[in-house]
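Take a look at the structure below.
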Amino acid sequence: MTRYLGIWLGMITMGVLVHPMALLAAEKNEKPAVLIADFEGETYGDGWKTTGEAFGTAPAQGTLTGQMDVSGYAGHGLVNSYPHGDPATGTLTSPEFTIERLYLQFLIGGGMDAENLKIELIIDDKAVRSATGPNDRPGGSEKLELAQWDVQTFIGKKAIIRITDMATGGWGHINIDQIEQTDTRLPQMVQNWWRKIGGEGRYLVFPVKNGAPMRKITLFIDSVEDRKFDIELPEMASQADFWTWIDLAAYPNRRITISIDKIRDDLLGKEAGFTSIVRTDTLPEAETLYQETDRPSFHLTSRRGWNNDPNGMVFYQGKYHLFWQHNPFGWNWGNMHWAHAVSSDMLHWEELGDALTPDAMGPMFSGSAVTDWKNTSGFGSSDNPPMVAAYTAAGDPTVQCIAYSTDGKTLTKWAGNPILSQVTPGNRDPRLLWYASQDGSEGHWVLVLYVERPKDERKEGEPIHAFYFYSSNDLKAWTLESKFYAADMFECPDLFELPILTADGTPAKNTNGKPLTKWVLYGADGHYLLGDFDGKTYTADGGKQSLWYGRVYAAQTFSDTPDGRRIQIGWANGVTFPGMPFNQQMTIPVELSLRQSVDTMDNAAHVRMFATPIRELETLRVVDKSEQRTEFAADEKCVERQNTKADAEEISLCFSDLTDQPIEMVIHDTPLVWDPTKHEIQCGDEANRVTAPLASVDGKLTLRILVDRGSIEIFANQGVVAMSINTQTADENLLTRIPIRGTATLQQYMSYPLQSVWP
């Protein structure tokens, strides 16, 4: 009885209680709907009046300039208070009409602001019903949703509709369409419905449908709240695009309860999305896991859900550890967790599950990890030094926190968090490193933090973006040492020292025979600076340079690698996989180096950063199926292959005898062009084209090309330029064409099929 009472008390639509007797009435003697307005005309219609500028002079025809894509409206026209942007204000009022049906319904979208953005039903000069839009935070959707008021107590009364936009900030607009009276009751939303989960299985399994209404699930372990998360939960289980899960291995024989913030009362049957959440010992879709049609063969992708920034990259207890920004409950960004995987070679990864989950301080944003060899934090011991990770808890306020591990499998959040209070709302992405004195006898911890400077805290023309440098002896208490303002370098800082190599790969030395090094300050956008760092202050030698171009963001490097290599992995942002249960991928791991080189574009000597795929990649080569050629027939004009499917492949090319004419190639149906007169390389079709500056070196052009499902990566002239391109290659009729002579001479051609890294 209590639960049914909960349904009745929860049957509220836009703040209006719906009595159960009204539900019965709505099912009898329903009359045709009465249209109040559909906004399909060239004007709002006779009797409609506007004030201010927000609503313009006529209905909008869909999405307006500068607005996110508007959807969910009926026909071609709608009320859209965005013609002059969010700052505009005003009202739109209907002519008077008589209430003739039990319900008044409409489509509504835009910002959530009950006081300044609303549609109201006015009777006798009093607002008796009101509703506002669904969006109360950055991002969101411009999709209109159906809403309804119970107005049966007002039947026979005169009324007007008033739509108000008095909001001037973000999401400061409202969208309305298809206002009508009806006797058909919409399903009502039950608030905070809960259910116990029976069984003793290891996995709690959830259905996900892309584009479904976002719902908030709360998980309780023995009646104690464990976590909250958003999920695009299908109304019916049969509508699921894929299934995802929470690993309950840490909670054996514990009582599991879940609640949902709201659910339609007509979906509480056995086949509804919420009621299909079960506990099981079997992973959903286990037979196809890692074998999906478009799963990349050798790039890291999440088992399920979205991935973006790599986090917490560290070599610890004999394994490479990679954490990353993860939405385990959806195909799109949001719900930020830290996923966790380990590997012995940075190619074959074992995903361990989510190591950090959202908490009262907010979702888990990006960060880093180190091995605390001296156990300065006290989280481990001298015999078992801990791994320590720093991350951003992106709540309100946004703060920096740490977590630790002594087993390499789990992370425990420090009870004393946060380690840094909010500097500005835009502070995030802490990067940890150990700074040692020249002889290694002393040292301290360094934390580099990205800080977005509010407009009112900077003078005209000053940079928005800053990196703050902190020091610590124990990873817990931090002191601000300096600030570095970097124009057009932002987010996810990385800081590391590299030796400078000569053009032939030997260490460069100063006049005293001491090896030359530089400190690299790297930003999420792929720009980097070379300079010096004394443990407290960074000093740049010159302007920013670029290494990566195209679909790469937020790249980070491993701490504590056993062989001293500086290995980098980035998020291949925008490499999408429509129709798959996962989305986005990581770039191939690359080894970074600094080299002296002469840039033929200005004939000047430069120290540049180079990226080359890690040597472990060679273990994936299928040598007995490779093609390796350095000699070509006199009448042979190109190497051409009609591929049968989009298999993974590595291609190496070297061109000489260069002319002023472009070298034009096709790699798995993707155009690739090097233009010597523009000193430029382009790859991708018109929608996905990536361009980078590239000159020849010693009269030659060398390219190393990695092809996988979803992407092409190019490393040009030993890696002075690295590119990542999004491709959606078909499984058959894929063409590869490489010219042998004409505009240049193909000196060397090698092609290796690459094995999959998945079981």
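The values are calculated or read from the model by the stated rules, or taken from the named source; none is laboratory data. These numbers come from a predicted model, not from an experiment. Cβ sites come from the backbone with ideal geometry, for glycine too, and all protein chains shown count toward neighbours. Heads up: the accessible areas ignore ligands, DNA and RNA and are worked out on the full protein's heavy atoms, side chains in. Shrake-Rupley method; radii C 1.70, N 1.55, O 1.52, S 1.80 Å.
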- Query: Would you say Val423 is β-branched (Val, Ile, Thr) and over 25 Å from the mean Cα position of the chain (by Cα)?
  - Reply: no
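Quick check: anything in the range 419-438 assigned to a strand (DSSP E or B), modelled with pLDDT of 95 or more and farther than 26 Å from Gly380 by Cα?
The answer is yes, given that some residue of the range 419-438 is assigned to a strand (DSSP E or B), modelled with pLDDT of 95 or more and farther than 26 Å from Gly380 by Cα.
Being in contact (Cβ under 8 Å) with a residue 60 or more places away in the chain, closer than 30 Å to Ser223 by Cβ and open to solvent by less than 50 Å² (accessible area, probe 1.4 Å) narrows it down to one residue among Gly90, Gly201; which is it? It would help to see each step written out before you state the result.
Working: Gly90 fails: closer than 30 Å to Ser223 by Cβ.
The conditions single out Gly201.
Considering only the range 215-225, how many residues are outside any loop (DSSP other than H, G, I, E, B), touching a strand residue (DSSP E or B) at 6+ places or on another chain (Cβ under 9 Å) and either more than 19 Å from Asn335 (Cα to Cα) or touching a residue at least 40 places away in the same chain (Cβ under 8 Å) (or both)? Reasoning before the result, please.
Pass one, the range 215-225, residues outside any loop (DSSP other than H, G, I, E, B): 215-221, 224-225.
Of the ones still in play, those that are also touching a strand residue (DSSP E or B) at 6+ places or on another chain (Cβ under 9 Å) are 215-221, 225.
Subset that is either more than 19 Å from Asn335 (Cα to Cα) or touching a residue at least 40 places away in the same chain (Cβ under 8 Å) (or both): 215-218, 221.
Selection size over the range 215-225: 5.
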- Inside the range 556-578, can you point out the residues that are open to solvent by 10 Å² or more (accessible area, probe 1.4 Å) and either among the basic types (Lys, Arg) or part of a loop (DSSP other than H, G, I, E, B) (or both)? Asp560, Thr561, Pro562, Asp563, Gly564, Arg565, Arg566, Asn573, Gly574, Thr576, Pro578
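Mind checking which residues of the range 474-489 are more than 30 Å from Ser381 (Cβ to Cβ) and open to solvent by 60 Å² or more (accessible area, probe 1.4 Å)? Break it down into steps so the answer makes sense when it comes.
Residues of the range 474-489 more than 30 Å from Ser381 (Cβ to Cβ): 480, 482-489.
Across the range 474-489, the qualifying residues are Leu480, Lys483, Tyr485, Ala487, Asp488.
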- Query: Is there any pair with a first residue in the range 434-448 that is closer than 17 Å to Tyr470 by Cα and open to solvent by 50 Å² or more (accessible area, probe 1.4 Å) and a second that is part of a loop (DSSP other than H, G, I, E, B) and not small (Gly, Ala, Ser) whose Cβ atoms are under 7 Å apart and which are 6 or more apart or on different chains, and what are they?
  - Reply: none
- Query: Is one or more of the residues making up the range 244-267 open to solvent by 40 Å² or more (accessible area, probe 1.4 Å), among the hydroxyl-bearing types (Ser, Thr, Tyr) and within 24 Å of the chain's Cα centre (by Cα)?
  - Reply: no
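Quick check: anything in the range 176-196 within 30 Å of Pro578 (Cα to Cα) and among the hydrophobic types (A, V, I, L, M, F, W, C)?
No, the range 176-196 has no match at all.
Would you confirm, using the coordinates I've provided, whether Thr619 is more than 30 Å from Asp541 (Cβ to Cβ), at pLDDT 95 or above and either open to solvent by 50 Å² or more (accessible area, probe 1.4 Å) or β-branched (Val, Ile, Thr) (or both)?
Details: more than 30 Å from Asp541 (Cβ to Cβ): yes; at pLDDT 95 or above: yes; either open to solvent by 50 Å² or more (accessible area, probe 1.4 Å) or β-branched (Val, Ile, Thr) (or both): yes.
So Thr619 fits the description; yes.
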- Task: Select from the range 272-315 the residues that are among the hydroxyl-bearing types (Ser, Thr, Tyr) and open to solvent by 10 Å² or more (accessible area, probe 1.4 Å) and write down the one among them that is farthest from Asp563 (Cα to Cα).
- Result: Thr275
- Query: Which condition does Pro693 not pass, out of (1) in contact with a strand residue (DSSP E or B) (Cβ under 8 Å, 6 or more places away or on another chain); (2) crowded, with 18+ Cβ neighbours inside 10 Å, if it passes all the others?
  - Reply: (2)
- For the range 644-667, which residues satisfy the criterion of being hydrophobic (A, V, I, L, M, F, W, C), in contact with a strand residue (DSSP E or B) (Cβ under 6 Å, 6 or more places away or on another chain) and within 9 Å of Ala744 (Cβ to Cβ)? Phe655, Ile663
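Kindly indicate the residue of the range 164-190 that is part of a loop (DSSP other than H, G, I, E, B) and touching a Lys or Arg at 6+ places or on another chain (Cβ under 6 Å) and also nearest to Ala114 (Cα to Cα) among those meeting that condition. Even if it seems obvious, please write down each step before you answer.
Applying the first criterion (part of a loop (DSSP other than H, G, I, E, B)) to the range 164-190 yields 166-173, 183-188.
Now drop any that are not touching a Lys or Arg at 6+ places or on another chain (Cβ under 6 Å), which leaves 183, 187.
Values: Asp183: 26, Pro187: 23 Å.
The selected residue is Pro187.
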- Query: Of all residues in the range 721-737 being modelled with pLDDT under 95 and of a type in the set (A, V, I, L, M), which is least open to solvent (accessible area, probe 1.4 Å)?
  - Reply: Leu734
- In this structure, is Gln661 in contact with a Pro (Cβ under 8 Å, 6 or more places away or on another chain) and open to solvent by 40 Å² or more (accessible area, probe 1.4 Å)? yes
- In the range 65-79, which residues are among the aliphatic types (A, V, I, L, M), touching a Gly at 6+ places or on another chain (Cβ under 9 Å) and part of a loop (DSSP other than H, G, I, E, B)? Met68
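State the number of residues belonging to the range 627-675 that are assigned to a loop (DSSP other than H, G, I, E, B) and either of a type in the set (Phe, Trp, Tyr) or farther than 25 Å from Ser711 by Cα (or both). Please lay out each step first, then the result.
Taking the range 627-675 and keeping what is assigned to a loop (DSSP other than H, G, I, E, B), we get 630-637, 644-648, 657-662, 668-669.
Of the ones still in play, those that are also either of a type in the set (Phe, Trp, Tyr) or farther than 25 Å from Ser711 by Cα (or both) are 630-637, 657-661.
Counting residues in the range 627-675 that are assigned to a loop (DSSP other than H, G, I, E, B) and either of a type in the set (Phe, Trp, Tyr) or farther than 25 Å from Ser711 by Cα (or both) gives 13.
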- Item | Failed criterion for Ala524 (all others in (1) under 30 Å from Glu460 (Cβ atoms); (2) assigned to a strand (DSSP E or B); (3) open to solvent by less than 10 Å² (accessible area, probe 1.4 Å) hold) | (2)
- Query: Of the numbered conditions (1) closer than 29 Å to Glu350 by Cα; (2) basic (Lys, Arg); (3) outside any loop (DSSP other than H, G, I, E, B), Lys262 satisfies every one except a single condition; which is it?
  - Reply: (1)
